[in-house]
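S.K.: Supplied in structure tokens, the structure appears directly below.
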Amino acid sequence: MTTATDPKRRALGKGLDSLLPRVHAPAVAPSLPPTDGEVGKPREIPVDMIDRNPFQTRSQVDEGQLSELAASITANGVVQPILVRPQANGRFQLIAGERRWRASELAGKKTIPAILRQVSDEQAMEITIVENLQRADLNAMEQARAFDRLSREFHMTQEQMAVRTGKDRTTITNFIRLLKLPQHVQMNVESGALSFGHAKALLGLNHHADLEKAAQRVVSLSLSVRQTETLVQTMLFPERAKKEPKPEPPVDPNVREVAEKLQRALGLKVHIEDNKGRGRVIIEYADLADFDALLGRLSPEN
């Protein structure tokens, strides 16, 4: 059970405020000066005065979901303000909330509620990456690249990433490992042709040629993750695949008949292993009650 002192819960509970500095100086463009007490509070900003975030992690947006969000905004408005920062040219740069901003454009909205913050390029990039990773709609490769950027550009440990995003450290390790996949296989993961589970299984192969060959087979045959794991094991240890199980020897009809009679008499499963008149009788019992009943039948009291 997660307690109130769990650091992951504290980070998620604070939301993006845990990453954003509170500013007391006017953090707005000259064309939209704030009034007293307005800094940090939502305010309406023209949609066409906002520029896309150059640090955006998400590379793909579901157009159907975007249309649904636009319809919701038309009916109910934007429920959660976006985050922006002022630019020297009088415009604003998006920090977080690209889907809400794009859906507002699609819905024909002239303005959108936004919170203005004064942050550096580095802070804006970190906020964007962490905000996206806390959501569930990034594909596996987008998440892998995001974690990699946090590691390379912000020198975060995987434990620090886990606290910031609320994800398990082992999961973060597995996402970063996806970047070892050949480019073509990464494209299959990004398109959804291969799942995160498929990709993890394929990483068991050491050579890119084998990995690409296996990935192509998984996609063409629509193999499950479990089937993919079996395929990888077969490619790694082909000698095991060649060893076919020995067929069971045919059972003499007379021996089978005797085994069935014993089963009916004892009420337990009976196996008879016969080899030219020699062998053994195996009686299976599930619990002590079965065993006691068997003893009672074999040694009835006088």
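S.K.: Give, as a single signed number, the net charge of other residues whose beta carbon lies under 10 Å from the beta carbon of PHE175, with Lys and Arg counted +1 and Asp and Glu -1.
M.R.: Summing Lys/Arg as +1 and Asp/Glu as -1 gives +2.
S.K.: Using a 1.4 angstrom probe on the protein heavy atoms only, could you order VAL251, VAL225 from most to least accessible area? Spell out each step's value before the answer.
M.R.: Details: VAL251 75, VAL225 50 Å².
Heavy-atom accessible area, descending, gives VAL251, VAL225.
S.K.: Quick one: net charge around TYR285, please, counting Lys, Arg +1 and Asp, Glu -1 for every other residue with C-beta under 11 Å from its C-beta.
M.R.: Counting the neighbours of TYR285, the net charge comes to -3.
S.K.: Now for a separate question. Order 286-297, 192-203 from most to least packed using the mean count of other Cβ atoms within 10 Å.
M.R.: Top to bottom by mean Cβ count within 10 Å: 192-203, 286-297.
S.K.: Scan segment 83-141 for trypsin sites (Lys or Arg not before Pro) in coil per DSSP, keeping those whose Cβ has at most 16 other Cβ atoms within 10 Å, and list them by number.
M.R.: Sites meeting the loop and neighbour criteria: ARG91, LYS110, ARG135.
S.K.: Can you give the FRET efficiency for LEU66 and GLU44, using 1/(1 + (r/R0)^6), R0 = 30 Å, r = Cβ-Cβ distance, to the nearest 0.05?
M.R.: Working: r = 21 Å, r/R0 = 0.72.
About 0.90, to the nearest 0.05.
S.K.: Using the basic label-point model (7 angstrom from Cα toward the beta carbon), what is the LEU268 to PHE154 distance in nanometres?
M.R.: Once both label points are built, they end up 6.5 nm from each other.
S.K.: Between beta-carbons, use under 12 Å as the cut-off and find the net charge around ARG91, counting Lys and Arg +1, Asp and Glu -1.
M.R.: Local charge sum for ARG91: 0.
S.K.: How far apart, in nm, are two points set 7 Å out from the Cα along the Cα-to-Cβ line at SER220 and at ALA286?
M.R.: In this crude label model, SER220 to ALA286 measures out at 4.8 nm.
S.K.: For the residue pair ASN89 and ALA75, what label-to-label distance in nm results when each label sits 7 Å from Cα along the Cα-to-beta-carbon direction?
M.R.: Inter-label distance under the simple model: 3.8 nm.
The values are calculated or read from the model by the stated rules, or taken from the named source; none is laboratory data. Note that the structure is a prediction, hence the values are computed from the model and not measured. Note: ideal-geometry Cβ built from the backbone for every residue, glycine included; neighbour counts use all protein chains shown. Side chains are part of the model used for accessible areas, which takes the heavy atoms of the whole protein and leaves out ligands, DNA and RNA. Shrake-Rupley method; radii C 1.70, N 1.55, O 1.52, S 1.80 Å.
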